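A quick write-up on the structure given underneath.
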Amino acid sequence: MRRPVALRLQATLATAVVGVGAGFLLPTPQASAAAGTATGFATQNGGTTGGAGGQTVRATTGTAIHAALCNRASSSTPITIEVSGTINHGNTTKVSGSSCNTAAGVIELKQISNVTIIGVGGGAVFDQLGIHIRDSRNIIIQNVTVRNVKKSGSPTSNGGDAIGMESTVRNIWVDHVTLEASGGEAEGFDGLFDMKDDTQYVTLSYSILRNSGRGGLIGSSESDRSNSFITFDHNLYENIDSRTPLLRGGVAHMYNNHYTGLHESGINSRAGARAKVENNYFRNSKDVLGTFYTNERGTWQVSGNIFDNVTWSAPGNENYPAGPNPTSTTTVAIPYSYRLDGASCVPDIVRQTAGANTGLRVSDGNCTPQSPPPTTPTPTTPAPTTPPPTTTPPPSGGTNLSLASGAGADGSSKADGTSYGNVRDANLGTWWSPSGSTGTISIKWGSATRVSRVVIREPSGTQGSIGSWQLVNNDTGAVLASGSGAGSISFAATSLQKINFKINSSNGTPRVGEFETYAS
């Protein structure tokens, strides 16, 4: 069990209950849907489309949300509910009907499917009122704020979870939401984003989770290992004690998230869990990855992450931090396509895009946010991500300067049968390896060359062998970026004649198949 610890709040949030407001239920002439389409594991298992293709109604009270669900022809009739204003205990009552199963004091999405709840207008705030998804599938929640949900004290809602899922839940996309509390368990709050009892195919994207003792869990106990296939991308976890998330069993994919102010622990992979953790930015935090508070250990695959002022505790009983030099302990295959931002860009991208009322902005994968036009989601299952081919790796965008005329390669001592030049021959069937578990490989030019992005590719079958690394300007000795694992690395544009990729730790024998360099 997690030992309780007081949350160190950086700011106190107001918890006053907003008074009863008027609500209405209004069909609109044309159907609308969530902006954008689901990403991550929510695209699998048939896809997640919510209420696309169904009627659209407007609601300003919790009672109106329940009425919209109950007035459908069946529990699976598609519907989009556009929500504005403040939803609270005073305006959320139970509504009965053959197509719903609701309750007072919580937004109850129970035994239903094909629903979108999206904030519109000046915003939608669920104040001290949680959203409970139970025995349901194909749900989208987008552009809403859920705050100060309590499990003790008054008023209580949803077991203290801002958004909670349990009991055979499938295909949920939660996007551009803000989930926040005003303390930890001692103050009456629980998790911000919890999944248990057979919840699968969930994506949390472009969202903010902050000011809470617990970010969220996947699995309610060491024996609850039926929850799996969860994606977290482009989210901000801020001022949280632990559970970002706690993962028991199953598979989770965390990429391009910004974690800051994690006081006790972060991603807690345990009880046989497997986490793929790539291109995230961890800042001013402690024990951001590992197995904590149990001896039933989990595993992780790491690449491209940045650890900025992260401290690590000493390993011991029920405490197995991945750092100070995190290396992969498993491999995780990802069945959907996705595009990574460089970890150095993540804090700024997340700042501009994550949370409710940010215009549903997303990254275009090139460190530049953009606002997508509203679209009607359709069921999609993107082609699986496959291992890199043995020859001619896929282009990364722009001109690979490592292949330019006049470029060369050198480095520290190389293993027998390998060559420095193998990292710049556009052939993943050849590679360079250091003579030991650490070493340096470099790309150089005859004159100053402007570089702002590097892609390190490992040969097929060796992914995950590269551990912690530094990217160094050989001309000045300045560290341009640091992290763990291969992948795309972005940094401030720099003119230099030689750039070094320095491998500081590895899992087995590290191999670099291609060392690509780009101006943008």
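The values are calculated or read from the model by the stated rules, or taken from the named source; none is laboratory data. In this text the structure is predicted, and so the values were computed from the model without any measurement. Please note: Cβ atoms are built from the backbone with ideal geometry, for glycine as well, and neighbour counts cover all protein chains shown. The protein model used for the area step is the full one, side chains on, heavy atoms only, and it has no ligands, DNA or RNA in it. Shrake-Rupley method; radii C 1.70, N 1.55, O 1.52, S 1.80 Å.
Under Stokes-Einstein, with the Kirkwood radius over Cα pairs as Rh, the value for the range 114-214 at 4 °C and 1.567 mPa s is 97 µm²/s. Entry comment: accessible area of the range 91-222 is 25 Å² per residue, from protein heavy atoms only and a probe of 1.4 Å. Within the shell defined by Cβ-Cβ distances under 10 Å, the residues around Ser220 carry a net charge of -3, with Lys and Arg each +1 and Asp and Glu each -1.
Could you tell me the center-to-center distance, by alpha carbons, between the range 404-474 and the range 262-300 in angstrom? Measuring centre to centre over Cα atoms gives 29 Å.
Calculated from the alpha-carbon coordinates, the chain shows an Rg and a Dmax of 23.8, 76 Å respectively.
Each peptide in 413-419, 239-245, 35-41 receives the mean, over its residues, of other Cβ atoms within 10 Å, and ordering these scores from highest gives 239-245, 35-41, 413-419.
Probing with 1.4 Å while keeping every protein chain in the model, the per residue accessible area of the range 240-299 equals 18 Å².
Pairs of Lys residues in the chain that lie 8 or more places apart, or on two chains, and have C-alpha atoms under 30 angstrom apart add up to 22. Counting only protein heavy atoms and a probe of 1.4 Å, the accessible surface of the chain is 49% carbon and sulfur. One decimal place: the segment Ser167-Gln470 gains 104.6 nm when fully extended, by the rule 0.36 nm per residue minus the C-alpha distance.
Normalised per residue, the accessible area of the range 411-480 is 39 Å², obtained with a 1.4 Å probe and no contribution from ligands, DNA or RNA. When Rg and the Kirkwood radius Rh are both evaluated on Cα atoms of the range 221-324, their ratio Rg/Rh stands at 0.93.
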